[in-house]
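Just below is one structure, and these are the notes that go with it.
The values are calculated or read from the model by the stated rules, or taken from the named source; none is laboratory data. Please read these numbers as outputs of a predicted model, since none were measured by experiment. Using ideal geometry, Cβ is built from the backbone for each residue, glycine included, and neighbour counts are taken over all protein chains shown.
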Amino acid sequence: MLGLKLATDPRWVNLASLSIEEILTDHAFCEQKATTNCISLIQLYPERAFLVDKLIPIVNEEWSHFKMVLDELKKRKLKLGKQRQDKYVVALQKFLRKGGREEDRFLDRLLLAALIEARSCERFRLLSLDISDDDLKHFYHKLMISEATHYRLFIDIAEKYFEKDAVKVRWQEWLDYETKVLGELELRGDRIH
């Protein structure tokens, strides 16, 4: 469904199981950044009513996910650690088109958001199936469903403003680039991405 070209190494879940506090901390900040990204898109494109209408509820949902992860940390008597650089996202951002047409940059911003949501969905699915903690299996199952919805929403927004064929072509370019990025990143169990 997600179209990702490279599956996460199955060892990632085992590594994540060894560092619950770190994975939850990273996850919390991922939710915070997702909230901020939606707000930024609304600020950049306020004239795009469809986008604004669709992203306002996602802002609230992403922020509620941040709170859910904080609650999960508290329940486990763990602390929210410091935010760390997301090397995956930083590497993906290098593929954003600079200069040129504003429309191309707009499409890339939407597809970057879709890709991050798709990869999060895939990682949450792995956690929901294979992490040793049953409570976290349930927790990540719920969030996996939400991430899939968000991924699809960003694709739908792109298809609202661009020809479907153009979206499909650029999406495939993003997927190819993401495969390259993942091949260059170290496998870490203390990060969602």
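Every residue in region 37-66 that is under 22 Å from TYR140 (Cβ atoms) and not hydrophobic (A, V, I, L, M, F, W, C), please.
Those that are under 22 Å from TYR140 (Cβ atoms) and not hydrophobic (A, V, I, L, M, F, W, C): ASN37, PRO57, ASN60, GLU61, GLU62, SER64, HIS65.
Out of LEU92, LEU110, which single residue is closer than 19 Å to THR149 by Cα, under 19 Å from the mean Cα position of the chain (by Cα) and in a helix (DSSP H, G or I)?
LEU110
Of all the residues that make up region 1-35, how many are part of a helix (DSSP H, G or I), out of contact with any Phe, Trp or Tyr (no Cβ under 8 Å at 6 or more places or on another chain) and not hydroxyl-bearing (Ser, Thr, Tyr)?
17
Consider region 39-54. How many of its residues are without any contact (Cβ under 8 Å) to a residue 40 or more places away in the chain, assigned to a helix (DSSP H, G or I) and within 14 Å of TYR161 (Cβ to Cβ)?
Result for region 39-54: 3.
Kindly provide the set of residues from region 71-89 that are in a helix (DSSP H, G or I) and farther than 13 Å from ASP26 by Cβ, ordered by number.
Selection gives ASP71, LYS74, LYS75.
Going residue by residue through region 154-167, is there one that turns out to be out of contact with any Ser or Thr (no Cβ under 7 Å at 6 or more places or on another chain) and either at positive phi or among the polar types (S, T, N, Q) (or both)?
No; the residues of region 154-167 include none that is out of contact with any Ser or Thr (no Cβ under 7 Å at 6 or more places or on another chain) and either at positive phi or among the polar types (S, T, N, Q) (or both).
Pick out the one residue from GLU178, GLU173, GLU159, GLU117 that is in contact with an Asp or Glu (Cβ under 6 Å, 6 or more places away or on another chain) and either modelled with pLDDT of 95 or more or part of a helix (DSSP H, G or I) (or both).
Sole residue among the options that is in contact with an Asp or Glu (Cβ under 6 Å, 6 or more places away or on another chain) and either modelled with pLDDT of 95 or more or part of a helix (DSSP H, G or I) (or both): GLU117.
Pull up region 137-193, narrow it to residues that are surrounded by fewer than 20 Cβ atoms within 10 Å (Cβ to Cβ) and of a type in the set (Ser, Thr, Tyr), then point me to the one that is nearest to THR25 (Cα to Cα).
The extreme case among them is SER146.
Take region 65-85 and flag every residue that is of a type outside the set (Lys, Arg), surrounded by 13 or more Cβ atoms within 10 Å (Cβ to Cβ) and modelled with pLDDT of 95 or more.
Correct list: HIS65, PHE66, MET68, VAL69, LEU70, GLU72, LEU73, LEU78, LEU80.
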